Amino acid sequence: METAFLTSSNYVTLPQFFELMGQSPLIVITVLLALGVVFINGWTDAPNSVATCISTRALSPKKAIILAAVFNFIGVMIFSLFAAGVAESIAGIVDFGNFEGEGSIQNAQNALTGLSAGMVGVVVWGILAWFFGVPSSESHALVAGLTGACFAMMTMGLNPVPGANSWIDVGIGFVVSGVLGMGLGFLVTKLIELICKNLTRRKTTIFFKWSQIVSSAGMALAHGAQDGLKFIGIIYLALYLGTIAFPQTGQIILANPNTPDFALEFLHAPSFLWLPILVSIIMGLGTSIGGYRIIKKVGMGMVNLQPYQGFATDISAFISLILSLACAWPVSTSQVKTCSIIGVGLTKGAKKVNWRIALDMVLTWVFTFPGCILIGFIMTYILFAILGTA
């Protein structure tokens with residue numbers, strides 16, 4: 001017999017969160033996988049934000065990683081208060097349907113299983129990318145993994161469908177952010193060279209060494225804002241499904257993630273502040289581990305950068321990420337940063353860019369979508385077989 005909701009809140013307090021976690025291993029698995037994805041993002045993606053300041057020796061690797069961890073944390077906390085669009089786009093990647101009436105509890109449990117399967121794809125892909133030292137996009141992996149789970153559930157006769165509007169946001173962001181990052185990298189570098197052409201190299205090197213530390217902090221801030229909000233959206237989706245699958249928990253109702261502006265209220269609720277704090281801490285822990293293989297390939301492998309060029313790279317990527325955030329486009333920090341580096345490198349001539357490494361990264365972005373869709377699809381069948389739902 002399904003339990004009726006008695007009150008409505010649109011947020012989950014921390015005690016209610018732990019109560020919900022105690023209802024079923026399925027919720028524990030889903031939430032832990034979501035936090036695992038956050039950790040891997042901090043481990044493999046966040047270090048890209050400080051790759052150039054390490055390559056130009058503006059900061060040592062240890063100090064740069066600490067800088068990234070701190071400003072990732074700040075980025076999540078600040079932008080979670082007023083920039084909900086990215087969280088909404090990611091939470092709407094899969095429309096799991098209407099959870100009202102008879103069968104809603106079973107449907108929600110099925111959706112939690114599919115959500116977990118999609119995130120397994122992200123974890124597997126992130127570890128493989130780290131092993132080969134290639135900066136993958138956990139953002140694109142998350143979108144693809146959930147879509148693969150959605151396709152599998154559709155073949156089982158269940159009712160989820162891909163969220164068309166969210167996929168449009170992802171597609172636009174994929175193209176525009178990369179082109180913008182590359183174009184800005186080229187233009188900002190040329191502008192700096194024009195302004196500083198009559199200045200001595202010694203003065204400009206000192207100035208841009210310190211400026212690059214500031215711009216790297218800005219990059220880490222923007223990464224925390226973009227990726228932190230993505231994972232807040234996914235964990236919100238898990239909580240939304242959990243409160244339907246186990247309605248006795250706190251007697252609460254959360255807004256459907258496929259309704260407009262669902263995130264505005266819960267991100268402003270003081271009783272829900274624990275979620276951006278939790279995401280910030282987990283991402284910061286992942287970043288503190290490092291990911292030096294990826295830093296070396298991004299910051300040192302493609303282009304030999306001078307301090308002013310590293311500054312131009314970070315500023316260009318920062319602008320691209322913030323504009324994408326304002327437009328609610330979920331984009332990849334690693335993709336934007338790589339495109340910015342290529343744009344800067346092109347000012348020195350096409351031969352100065354290591355196109356073999358650049359091609360490796362582009363192929364990784366391209367194969368992320370089919371690869372994670374396939375993993376998400378397969379893992380959905382495996383998890384449904386193990387858990388016995390559907």
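No lab work stands behind these numbers, since they all come straight from the coordinates. Just so it is clear, the model here is predicted, and its values are computed rather than measured. Because the Cβ atoms are built from the backbone with ideal geometry, glycine has one as well, and the counts that use them run over all protein chains shown.
Overview of values
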item	result
Whole-Hz ³J(HN,Hα) from phi, Karplus 6.51 cos²θ - 1.76 cosθ + 1.60, for segment 194-210, glycine and proline x	5, 5, 9, 5, 9, 9, 6, 4, 4, 5, 5, 5, 4, 4, 6, 4, 6
Pairs from Lys190/Lys230; Lys63/Lys348; Lys203/Lys351; Lys62/Lys352; Lys63/Lys190 whose Cα-Cα separation, in the structure shown, is over 31 Å	Lys190/Lys230
Order by protection proxy (mean Cβ within 10 Å, highest first), peptides 176-187, 228-239	228-239, 176-187
Extension gain from Trp210 to Gln23, taking 0.36 nm per residue of separation minus the Cα-Cα distance	62.2 nm
Cβ-Cβ FRET estimate between Arg202 and Trp167, R0 fixed at 30 Å, reported to 0.05	0.05
Rounded FRET efficiency, nearest 0.05, which uses the C-beta distance separating Ile277 from Phe132 and R0 of 51 Å	0.95
Coarse-grained scattering of segment 14-385 at q = 0.06, 0.09, 0.13 Å⁻¹, given as base-10 log I(q)/I(0) from a Debye sum over alpha-carbon atoms	-0.22, -0.48, -0.93
Packing-based order for 61-68, 380-387, using average beta carbon neighbours within 10 Å, highest first	61-68, 380-387
Using θ = phi - 60° and Karplus 6.51 cos²θ - 1.76 cosθ + 1.60, couplings along segment 226-242 (whole Hz; Gly, Pro as x)	5, 6, x, 5, 4, 6, 4, x, 5, 5, 4, 4, 4, 5, 4, 5, x
Asp95 long-range amide H proximity, modeled H, under 5 Å	Val161, Gly163
